Every structure is written in C-alpha cells, then in structure tokens.
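Colleague: Okay, handing you the structure first.
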Amino acid sequence: MVDIHSHILPEVDDGPKSWDVAVAMCRTAAADGITHQVATPHANDRYHYDREYLQGLVAHLQQLVGDSPKLSLGCDFHLSYDNIQDALAHPTRYVIDSTRYLLVEFSNYSVPQNTTDSFLRLGDKGMTPIITHPERNPILCQNLQRVADWADQGYVIQMTGSALTGFWGERTRRAALWLLEHQAVHVLATDAHETEKRVPILSTARDAAAAICGAEVAQALVEGNPRAILANQTLPYFPRPVMPSYRKN
C-alpha cells in the first residue's frame with residue numbers, strides 16, 4: 001500500500017513531537033504493509049512550510065528507518081489566498097515529490113464559492129489538486145454533491161481511511177460511505193499524526209472499502225492510484241461519479 005498523506009515529520013506541525021515517535025510511526029506503517037509514505041506537513045497560517053528544510057528532515061528520517069517504508073515529501077496545503085498566490089509563483093514548492101499533484105485542504109469554517117476557479121488557476125500552472133478528507137469537513141458534509149461535482153470535473157478526491165471505520169464519528173462515516181458508494185473517492189490515506197489515535201494504518205480502511213465496493217476497487221484506492229500519483233501518471237481508477245442528489249440525514 002501507498003500512503004500519500006501523513007504527518008510523520010517531528011516538530012514541524014501538529015504531528016509527532018520527537019524523532020522517536022516519528023520512527024515508531026514509520027515502523028507501524030511498514031508493519032501494516034505500507035511500502036511508501038509521503039510526509040505532508042501543514043502549510044497554513046500556523047505552520048510555515050520551508051521545502052528545503054523539510055526535505056532534509058525527510059532524508060534524515062529515511063536514514064533512521066532504513067529502506068522501508070520509502071519516504072517522500074509533499075504538503076498539506078491550506079487553500080488560502082496567500083498560499084494560492086505563493087503556489088502560483090512557485091508551482092513546485094508544495095506538490096508531492098516532483099509530481100504535479102497537490103494535496104489541498106479546506107478550512108472548517110469556509111469553502112469559497114470560487115474554489116473551482118482556484119483549482120483552474122493552479123491547473124494552469126501545472127498542478128493537479130487532490131482534495132483531502134472532504135468527508136470530515138463540516139461545510140462539505142452539508143453538500144457532498146459539490147464533492148461529487150469536483151470528481152466529475154476530474155479532480156482527485158482523497159478520503160481519510162479511518163473515516164470508514166467510524167473513528168471520526170457516525171456523521172463522518174455516513175459521508176464517507178456516500179462518497180465511496182457514489183464513486184467519488186480515488187485515494188484512501190491515513191492522515192496519521194501519532195501512534196495512539198491517528199495512526200499510520202491503512203489495512204483496516206482497505207478492508208472496510210472492500211466490503212463496500214469490492215477488493216479490486218479497494219486495492220486501487222490504496223495502491224494503484226496513489227502509486228500512479230507518485231509516478232506522476234494519470235490515475236488508473238477514475239470512474240465517473242454516480243450523481244443523484246445528496247440528502248443530509
């Protein structure tokens with residue numbers, strides 16, 4: 001399996017507070033069958049994102065953990081005005097490794113109406129947005145049809161795996177199920193932060209997805225598609241979403 005969204009670098013955001021915990025997270029991931037993990041520190045008003053410095057941390061962590069899992073650098077990119085302007089000026093600063101793929105995260109308090117325009121502007125500079133954990137966003141949960149529309153427009157949707165197992169509560173689980181059942185999910189990732197609660201384990205989410213949409217699709221979400229992202233390729237599993245109107249429960 002490949003995990004494209006994890007907070008495994010120590011002392012750079014709200015992830016691990018020590019190198020020991022960072023190493024333990026990587027060991028847990030490897031034991032779970034994750035062969036490649038992307039470190040995605042936050043870039044927002046609270047956490048500064050220094051690409052060169054963070055690349056050095058990834059290299060050091062790789063030395064500490066050995067060959068498995070293989071580590072790369074990405075970013076948990078907050079979709080704010082300042083960040084967008086900086087990404088437009090520096091298109092390779094925030095992407096996953098040296099690919100065109102960019103993880104984008106929305107505020108829990110506002111999802112701008114012009115978001116699609118922002119995606120188009122990033123696309124014009126060669127970046128392909130990956131929308132992270134919409135099932136956990138309280139605004140998008142009110143209108144999952146909007147997420148399905150983005151998937152229909154060709155944007156990648158990444159769900160937190162533990163949303164399917166109930167870790168984030170029943171409301172989030174229902175939203176995750178709706179998106180998965182309506183073919184509006186392309187990648188499962190851990191969004192791991194530590195070793196006790198938000199853990200770097202993906203197999204349980206893969207198994208939960210397999211029970212809903214079959215083993216082949218589940219494997220695409222944790223291996224085929226994320227591996228294609230790392231290779232800067234088109235995603236092999238990208239179905240057209242089923243588009244009935246979403247009704248909030």
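Taken together, the values in this text are just the output of simple stated rules run on the coordinates, not laboratory data. Keep in mind that what you see is a predicted model, and the values were worked out from it rather than measured. FYI the Cβ positions are ideal-geometry reconstructions off the backbone, even for glycines, and counts take in every protein chain you see.
Colleague: Of 46, 174, 198, which is the most mobile in a GNM of the chain whose springs link Cα atoms less than 10 angstrom apart?
Modeller: For the chain, modelled as a Gaussian network with Cα springs under 10 Å, the answer is 46.
Colleague: Can you work out the base-10 log of I(q)/I(0) for segment 90-198 at q = 0.23 1/Å, using the Debye formula on its C-alpha atoms alone?
Modeller: -1.34
Colleague: Considering only the other residues whose Cβ falls under 11 Å of the Cβ of residue 105, what net charge follows from Lys and Arg at +1 and Asp and Glu at -1? Please report the intermediate quantities before stating the final value.
Modeller: On the way: positive: 136; negative: 76, 191.
With Lys, Arg at +1 and Asp, Glu at -1, the neighbours total -1.
Colleague: Then there's this: Considering every Cα-Cα pair within segment 1-142, what fraction, in whole percent, is farther apart than 20 Å?
Modeller: Numbers: 4712 of 10011 pairs.
Distances greater than 20 Å cover 47 percent of the Cα pairs.
Colleague: Something else now. Under a no-solvent Debye model with one identical scatterer per Cα of the chain, what's log10 I(q)/I(0) at q = 0.11, 0.13, 0.16 Å⁻¹?
Modeller: Scattering profile of the chain, log10 relative to I(0): -0.52, -0.74, -1.17.
Colleague: Between residue 114 and residue 204, how high is the FRET efficiency from 1/(1 + (r/R0)^6) when r is the Cβ-Cβ distance and R₀ = 41 Å? Nearest 0.05. Kindly include the intermediate steps, with their values, before the conclusion.
Modeller: Details: r = 37 Å, r/R0 = 0.90.
So, using R0 = 41 Å, E works out to roughly 0.65.
Colleague: Right, another one. Provide the net charge surrounding residue 95, with neighbours chosen by a C-beta distance below 13 Å and charges set as Lys +1, Arg +1, Asp -1, Glu -1.
Modeller: Working: positive: 51, 93, 100, 125; negative: 76, 86, 97.
Net of charged neighbours comes to +1.
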